[in-house]
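Below you'll find the structure, written out as structure tokens, and then a few comments.
What follows draws every value from the coordinates through simple rules; no lab data is involved. Model, not experiment: these values are computed from the prediction. Ideal geometry is used to build each Cβ from the backbone, glycine not excepted, and the neighbour counts take in all protein chains shown.
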Amino acid sequence: MKPSSLFRPMDLVVGAVNAVVVISWSFVQWELRVPDVQGLNENLGWIVMSVSVVALFFRSAFPLTVTLITWAATLVYYPASSTDGPMLSAFVISLYTLAALGHLVAASAIAASTFVIVVVSEVIANFAHMTESETLMLGGWIVAVPAIGAVVAHYRRYRAETLVALEETRRRSVAEERIRIARDLHDAVGHHLSLINVQTAAALRRLRKDPGYRTEEVLEVVAQTSQLSLRELRAMVGVLREADEDSPTGPGPNLEQLPSLVDAARASGLDVELRIDGGAELPVAVEAAAYRVVQESLTNVLRHARASRVQVKVVIGTSTLAIAVVDDGVGDAKGAKAPGNGLTGMRERAEGLGGTFNAGPREDGGFVVEAAWPLEVPK
């Protein structure tokens, strides 16, 4: 065992204070009183007192051993010495340490044994050394010491468990935040990049067939889409930089932005029909989640469905917001199972706010994405 683990700072302080008090008090009493050495062994008393004082310095490294040593030294000291010094303090401190470090059974057993020895010895001696009340008071204090240590041990255990729980909560929050950021990047930036990819790929095909094809319109759409992507990326970076703020630095996505989203999809060649029924004040989180689900659904249509027509339906009721994105694609719906398609993220956005999510191929062809949220977001 390393010296640093043998001698702990607090043990050194407590041991030093105990040594000064016990030795000084004992010397003063030795000088002021006439020792009655009949039937006693003063040398043995000083020896066991020294052993007890030294042992206390190791109370945290060897709590049970130190408690047994100070216990035995105390039981030997008082019958052997005429000096009634504070020899008991080392035993009391070590007994408390034993209980506070979690060895409650051993501490209780030693305290109970000490209580029995003190009471029985005084009864046999007809209370020659202490009165009945003093005997019971001393025994009560000895029994109370492990109880105090047990309270301290319980508090330490509770504090340690609380720190572990807080650390686990912090780690879980960090993981959830990372997932949220990844989902936002996938839904927002990924959507815009998909539109840019579709536009540029289509323009390249047209240019190969017709070198005179004018690309101004396509480049304008690409510029607008990339500008939106940069805007959302800057907003996300701003949120990350404002780590101490509870709210984002700018407005999040909402259903009022759906027409612009649909226009961008139309510019990519899709025939998109947008229908919004009803009107009510929506929770910010629900509105943002609905926008992201529509956005990712349109991205999947562009990338996987080989569709020509898409219907986006939004129904805002008094207690529920529901959306449906239906396409007439003839693809293999690989977006439903392929990695990186965003369906997992859409499901998390819906179910994370107490809503429902369903996605799959339709019987008459095409693919449908449906999601619904309660307007009262669970906390």
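Tabulated values for the structure
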| item | result |
| --- | --- |
| Scattering curve values for the stretch 35-111, log₁₀ I(q)/I(0), Debye with Cα scatterers, q = 0.16, 0.23 Å⁻¹ | -0.54, -0.92 |
| Highest average packing first - 202-211, 94-103, Cβ atoms within 10 Å | 94-103, 202-211 |
| Förster radius 35 Å - calculated FRET efficiency between Leu32 and Ile124 (Cβ-Cβ, nearest 0.05) | 0.70 |
| Whole-Hz couplings from phi, Karplus 6.51/-1.76/1.60, listed for the stretch 278-285; x for Gly and Pro | x, x, 6, 6, 10, x, 4, 5 |
| Point-charge dipole on Cβ atoms (K/R +1, D/E -1) for the stretch 55-213, about Cα centre, debye to 20 | 1600 debye |
| Table column - 3J(HN,Hα) (Hz), the stretch 161-172, Karplus curve with 6.51, -1.76, 1.60, x for Gly and Pro | 5, 5, 5, 5, 5, 5, 5, 5, 5, 4, 5, 5 |
| Under the Karplus curve 6.51 cos²θ - 1.76 cosθ + 1.60, θ = phi - 60°, whole-Hz ³J(HN,Hα) for the stretch 257-270, x wherever Gly or Pro sits | 8, 4, x, 5, 5, 5, 4, 5, 5, 4, 5, 8, x, 8 |
| Theoretical gain in end-to-end length, Ala16 to Ile276 [0.36 nm per residue, Cα-Cα removed] | 85.6 nm |
